[in-house]
Amino acid sequence: MAKLERVSEGCVLGEAPHWDGATQNLYFVDIYGKSILRYVPSTKKVTKASLAPQSPTFIIPVEGKKNQFIIGANNELKIISWDGESEKISVEEKLSTVERSTQAPNAAFNDAKCDSAGRLWAGTQSLAAELAKTEPVGSLYTYDGKGQLKSQIGGIRVANGLAFNDKTKKMFYIDSLQGTVDQFDFDLSRGTISNRQVWFTLKKLSIPGIPDGMAIDTDGNLWVAVFGGSRVLKVDGNKRETLLDTINIPAEQVTSVAFGGPNLDELYVTTGALEIEGKKLPPPENGATYKITGTGSKGLPGVSFKPL
C-alpha cells in the first residue's frame, strides 16, 4: 500500500524534481516563485535561493562539479553555483539562448532531463495568457555542451515530461496540450530520435487534466504527473494504452515526479497552487512536495549533466 508524506510546502508552481544520488538530496524549482530549492531527507530541511527576476524551470547537477548546476532560466541555459544553504546564487556561465520572435514572444524553457550519456534534452514553449490558446511554436532541443542547441522536434505547445529506456532504445515525451504520452525510437550514441507514435492517451480512459512531468522505473513503466487531475499515473511502458495504477494526490496541480531515496524506491511528487480562472487552491496541500513510499517500484538514477 502506497504511503504519502508531505515533505515541503509553499510553492506557487513546484516543478522538475531531480534526485542527486551523490549527495542524497532532492533538487526542484518553484517557477513562479522564481526559486531553486533543495530538500535533504536526512535532516528534513528545505532551503531555497531566489533567481529573480528570472524564473527557473529545471535544475540538474553538473557531473564532477561540486555545487554547480545547469538550469533553464526563462529563455536561457546557464551554469550556476549554489551551496544549497545560502540564499545567493552565482552565475558561472551563460550557455545558450532561445531567440524570441513574433510567433514565440514568450519563448522559454520548461522541462528537461539528461539521457544516460549526460546529454541535456530541454523543451521550450511560448505560453499564452490562456493556456489552451498556446500555439505550437516550441521545440525539443539537445545541448551539445559547446553553446549549440539542436532542435530535435518542433511544433510543441507545452514541453514537458521526458523518460529514456536504454534497454528498448525508446524515449517517451509529453507535450501537455496534446494530452498524450508519445514514444520515439532513441539512438543514444547519436543523440537522435525518430518514428514518433502515440503511446498513451488520457482521454481514452476519461482521465481529467493534462499530462505533465514523468519518470521511468526499472521495469520500464512510466509514472506520469497529471496537472489538474490530482493524481499520478503508472503507465505500462511495454504495452500501448495500458494503465497499471493510479495514486491520488491531495493537490490538484500535480506537476512532476522523480524517484529518489537510497534505494530509488521513493517517489517524489511536486505540485502547484496557481490561481486559474479565479479558482484559489488552499495551502498546505497545494504547492507541496510529497514523498510516496510503498509503490513496489524502483526508479532509474537521475543523470547529471556531462559537458562535452
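The values are calculated or read from the model by the stated rules, or taken from the named source; none is laboratory data. Quantities reported herein were computed from a predicted structural model and do not represent experimental measurements. Don't worry about glycine lacking a Cβ; one is built from the backbone with ideal geometry, like all the others, and counts go over all protein chains shown.
Only one entry in Ile59, Ile70 is closer than 22 Å to Tyr173 by Cβ, touching a His at 6+ places or on another chain (Cβ under 7 Å), modelled with pLDDT of 95 or more and of a type outside the set (Phe, Trp, Tyr), namely Ile59. The residues of region 13-33 that are surrounded by 19 or more Cβ atoms within 10 Å (Cβ to Cβ) and either assigned to a loop (DSSP other than H, G, I, E, B) or among the charged types (D, E, K, R) (or both), listed by number, are Glu15, Asp20, Asp30, Ile31, Gly33. Highlighted here are the strands (runs of 3 or more DSSP E) found entirely within region 207-308 that include at least 1 residues which are under 17 Å from the mean Cα position of the chain (by Cα) and touching a residue at least 24 places away in the same chain (Cβ under 8 Å): 210-216, 222-227, 231-235, 253-260, 266-272, 289-293. Scanning region 11-35 for residues that are more than 23 Å from Gly296 (Cα to Cα) and in contact with an Asp or Glu (Cβ under 8 Å, 6 or more places away or on another chain) turns up Cys11, Val12, Leu13, Gly14, Glu15, Tyr27, Phe28, Val29, Asp30, Ile31. Among residues of region 89-128 being among the hydroxyl-bearing types (Ser, Thr, Tyr) and modelled with pLDDT of 95 or more, the one that is farthest from Val158 (Cα to Cα) is Ser116.
For the structure I just gave you, tell me whether Thr218 is among the polar types (S, T, N, Q), touching a Lys or Arg at 6+ places or on another chain (Cβ under 7 Å), under 29 Å from Glu63 (Cα atoms) and surrounded by fewer than 21 Cβ atoms within 10 Å (Cβ to Cβ). When the stated conditions are applied, Thr218 passes them.
Scanning region 147-163 for residues that are over 13 Å from Ala122 (Cα atoms) and surrounded by fewer than 21 Cβ atoms within 10 Å (Cβ to Cβ) yields Gly147, Gly155.
Scan region 101-114 residue by residue and report those that are out of contact with any Ser or Thr (no Cβ under 8 Å at 6 or more places or on another chain) and within 23 Å of Tyr173 (Cβ to Cβ). Scanning region 101-114 gives a single hit, Lys113. Answer yes or no as to whether Lys204 is surrounded by fewer than 24 Cβ atoms within 10 Å (Cβ to Cβ), touching a residue at least 60 places away in the same chain (Cβ under 8 Å) and not in a loop (DSSP other than H, G, I, E, B). When the stated conditions are applied, Lys204 does not pass them. Here's a check for you: in region 131-162, which residue that is touching a helix residue (DSSP H, G or I) at 6+ places or on another chain (Cβ under 9 Å) and in a loop (DSSP other than H, G, I, E, B) is modelled with the lowest pLDDT? Looking at the filtered set, the residue picked out is Thr134.
Lys203 meets the conditions (1) touching a strand residue (DSSP E or B) at 6+ places or on another chain (Cβ under 7 Å); (2) more than 27 Å from Arg38 (Cα to Cα) in every case but one. The failed one is (1).
With the structure loaded, tell me whether Ile60 is within 24 Å of Glu9 (Cβ to Cβ), hydrophobic (A, V, I, L, M, F, W, C) and within 20 Å of the chain's Cα centre (by Cα) or whether it fails that test. In short, yes.
Where strands (runs of 3 or more DSSP E) sit wholly within region 44-130, those with at least 1 residues that are surrounded by fewer than 22 Cβ atoms within 10 Å (Cβ to Cβ) and free of Cβ contacts under 8 Å to residues at least 40 places away in the same chain occupy 45-50, 68-73, 76-81, 90-97.
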